[in-house]
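Engineer: Here it is, the structure, as structure tokens.
The values are calculated or read from the model by the stated rules, or taken from the named source; none is laboratory data. What you are looking at is a predicted structure, and each value in this text was computed from that prediction instead of being measured. Reconstructed Cβ throughout: ideal geometry from the backbone, glycine too, with neighbour counts over all protein chains shown.
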Amino acid sequence: MKAELSNALQLDLIETLPHKPYCTDELGVTHIRPKNTAIKKKYLQVNQPKLVTYLIFDIDRQGGVLAWYDNDLPTPYWTSKNLDNAHAHISYRLKVPFCTSDIAHSEPIRYAAAIESAMIERLKADRGFAGLLTKNPLHPHWQNEFWTEHEYTLDELADYLDLKGHPLRGSEVSGLGRNCELFDSVRQWSYKAIREFWAPNYNRDWNSAVYDHVEALNAQFKVPLPVSEVKAIAKSIANWTYREFTPEKFRQSQAKKGAKGGKAKGDSYNNKRLKARLLRQEGKTYQAIADQVGASKRSIITWCK
């Protein structure tokens, strides 16, 4: 029965693989190959470009293959163990995959980033793991085990964890936290930066500027995101700001602020005038009233006539 389940899960995995995944037999030299060729390599890309179906953790110590059990975490979809040093990869399959490059729907990324970071902490997994390639659970070089057919929701995984303080930020950022860091930093920069590009047919120049900014920030990570993700994130931010921050919308926003500001100034003026009259009725001198309400003596005299 267990063998039948394992075979079924392997077929399901193959079904979800990219059509042309990254793969290799030796780390450091990566190839893009058709799926039927790629599954014969020791290392394999299992997540679709810009889409996360599997959360994968790299445990660089002996006994790592059961780190999930030792740390009271749920049963993984599969584990792959290196027989030479007992290091392992642990993978969880998500019930609902999510996009990693859509700024308009970034909440699942932020939630998953917090979960991933907290699980790394519990498992004592490698925060420097790039995540693009995993030990291929279909390859006989590894000791592979398919444990469960259960696909987890993010809420289910979160129930096992304390998400406070996750994902890590700044120099310690890793995994999906890198996507969040780029979204937040470049998004804030883009709100004002796009104004410098407002001109006829400025879309191409704006796209290029956003990509350069994302690329520069990505280069500061200890383990940068792959170029494909940098391009996708830059495109999402550029398109979103191009659509939401137009010259026309900016003018409308400024007009509304001006109207609110004018009303606020009018209310302030009326309040000062009323206060001046009340103070005058109390017998205060014009100069004393002027000092108290912050207006000229001439204005106080006019208001109190």
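Engineer: Suppose we filter Pro167, Pro200, Pro108 for residues that are under 30 Å from Gln10 (Cα atoms) and either buried (at least 18 other Cβ atoms within 10 Å of the Cβ) or assigned by TED's automatic domain parsing to the domain that holds Leu225 (or both); which single one remains?
Structural biologist: Working: Pro167 fails: under 30 Å from Gln10 (Cα atoms); Pro200 fails: under 30 Å from Gln10 (Cα atoms).
Selected residue: Pro108, the only one of Pro167, Pro200, Pro108 that is under 30 Å from Gln10 (Cα atoms) and either buried (at least 18 other Cβ atoms within 10 Å of the Cβ) or assigned by TED's automatic domain parsing to the domain that holds Leu225 (or both).
Engineer: Here's a follow-up. Restricting to the range 186-223, name every residue that is part of a helix (DSSP H, G or I), touching a residue at least 40 places away in the same chain (Cβ under 8 Å) and either within 10 Å of Ala238 (Cβ to Cβ) or of a type outside the set (Ser, Thr, Tyr) (or both).
Structural biologist: Kept after step one, since they are part of a helix (DSSP H, G or I), are these residues of the range 186-223: 186-197, 203-218.
Among the residues that remain, those that are also touching a residue at least 40 places away in the same chain (Cβ under 8 Å) are: 186-187, 190-191, 194-195, 218.
Val186, Arg187, Ser190, Ile194, Arg195, Asn218, listed by residue number.
Engineer: Let me ask you something else. Within the range 1-120, which helices (runs of 4 or more DSSP H) (wholly inside it) include 3 or more residues that are on the phi < 0 side of the Ramachandran plot, in contact (Cβ under 8 Å) with a residue 40 or more places away in the chain and touching a strand residue (DSSP E or B) at 6+ places or on another chain (Cβ under 8 Å)? Talk me through it step by step, then tell me what you get.
Structural biologist: Details: elements: 2-16, 35-38, 67-70.
Answer list for the range 1-120: 2-16.
Engineer: Hey, another quick one. Go through the residues of the range 131-153 one by one and say whether even a single one is modelled with pLDDT of 90 or more, farther than 26 Å from His31 by Cα and in a helix (DSSP H, G or I).
Structural biologist: The answer is no, given that none of the residues of the range 131-153 is modelled with pLDDT of 90 or more, farther than 26 Å from His31 by Cα and in a helix (DSSP H, G or I).
Engineer: Follow-up. Quick one: is Ala209 in contact with a Pro (Cβ under 8 Å, 6 or more places away or on another chain) and among the aliphatic types (A, V, I, L, M)? Steps first, please.
Structural biologist: On the way: in contact with a Pro (Cβ under 8 Å, 6 or more places away or on another chain): no; among the aliphatic types (A, V, I, L, M): yes.
Considered against the rule, which asks whether it is in contact with a Pro (Cβ under 8 Å, 6 or more places away or on another chain) and among the aliphatic types (A, V, I, L, M), Ala209 comes out as no.
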